[in-house]
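Novice: The structure's right below; bear with me while I get my questions together.
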């Protein structure tokens, strides 16, 4: 292995996914953190609150899943 | 394996998308987190609150989707 | 190993996972931080609150675990 500049292997898709997971990770935390606060404030609105927590979670999670798809789309 | 600079494969578009997804991921989390708080505070305004939560979500999500489009636009 | 510019070895998957762990780490912290606050505010809603804290934790944790899976998927 002479003349090799660096022995780093892997696909940039891993880094892309890693970056794409930062936002949703924090976002889901905020949704559920504020969500349980909302439940504590008004337990009788639990149906509406939970339904919107799940909806927001799905929207945020999608961003990370797109990162996985892109990693495989650009696989050399 | 001589003359190999690095065995890193992939497209920078993955990283670009990953970076583009950080903000919307956090932003969507804030929208839905604060949104369910608003629902808990005033459940009778549910229609208006939900409608604006969706609108904000769409605006934030668009930023990440542009990142995908750009990754494919600059595909070598 | 003469003439080598840098002796960096390893796989980008490690960096990808490291990045992927940032968001969920913060997110899970927010969930449990706000969660115990919610329990303190309304201990009688403990069942609902705890159940949603666990759910949010699982969703956020999954993002980091996907990062591990991806690191092995792109192993050279």
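Novice: Name the one entry in A:13, A:33 that is assigned to a helix (DSSP H, G or I), within 7 Å of chain B (Cβ to nearest Cβ) and in contact (Cβ under 8 Å) with a residue 60 or more places away in the chain.
Specialist: That would be A:13, the only listed residue that is assigned to a helix (DSSP H, G or I), within 7 Å of chain B (Cβ to nearest Cβ) and in contact (Cβ under 8 Å) with a residue 60 or more places away in the chain.
Novice: Against the condition loosely packed, with under 14 Cβ neighbours inside 10 Å and touching a helix residue (DSSP H, G or I) at 6+ places or on another chain (Cβ under 7 Å), how does residue B:57 come out, does it pass?
Specialist: So residue B:57 fails the test.
Novice: Regarding region A:45-66, can at least one residue be identified that is modelled with pLDDT under 95, part of a helix (DSSP H, G or I) and in contact with a strand residue (DSSP E or B) (Cβ under 7 Å, 6 or more places away or on another chain)?
Specialist: no
Novice: While we're on this one: It is to be established whether one or more residues within region C:9-21 are touching a helix residue (DSSP H, G or I) at 6+ places or on another chain (Cβ under 9 Å) and within 30 Å of residue A:47 (Cβ to Cβ).
Specialist: Checked against the condition, which is being touching a helix residue (DSSP H, G or I) at 6+ places or on another chain (Cβ under 9 Å) and within 30 Å of residue A:47 (Cβ to Cβ), region C:9-21 yields no hits at all.
Novice: What number of residues in region A:38-63 are at the interface with chain B (Cβ under 7 Å from one of its Cβ atoms) and more than 25 Å from residue C:64 (Cα to Cα)?
Specialist: Qualifying residue count, region A:38-63: 6.
Novice: Looking at this structure, is residue A:71 within 7 Å of chain B (Cβ to nearest Cβ), at pLDDT below 95, buried (at least 18 other Cβ atoms within 10 Å of the Cβ) and under 27 Å from residue B:74 (Cα atoms)?
Specialist: yes
Novice: Let me ask something additional. What number of residues within region C:13-31 are farther than 15 Å from residue A:21 by Cβ and either in contact with a strand residue (DSSP E or B) (Cβ under 6 Å, 6 or more places away or on another chain) or surrounded by 18 or more Cβ atoms within 10 Å (Cβ to Cβ) (or both)?
Specialist: 2
The values are calculated or read from the model by the stated rules, or taken from the named source; none is laboratory data. All figures in this text were calculated on a predicted structure; none of them were measured in a lab. Glycine also receives a Cβ, built like all others from the backbone with ideal geometry; neighbour counts cover every protein chain displayed.
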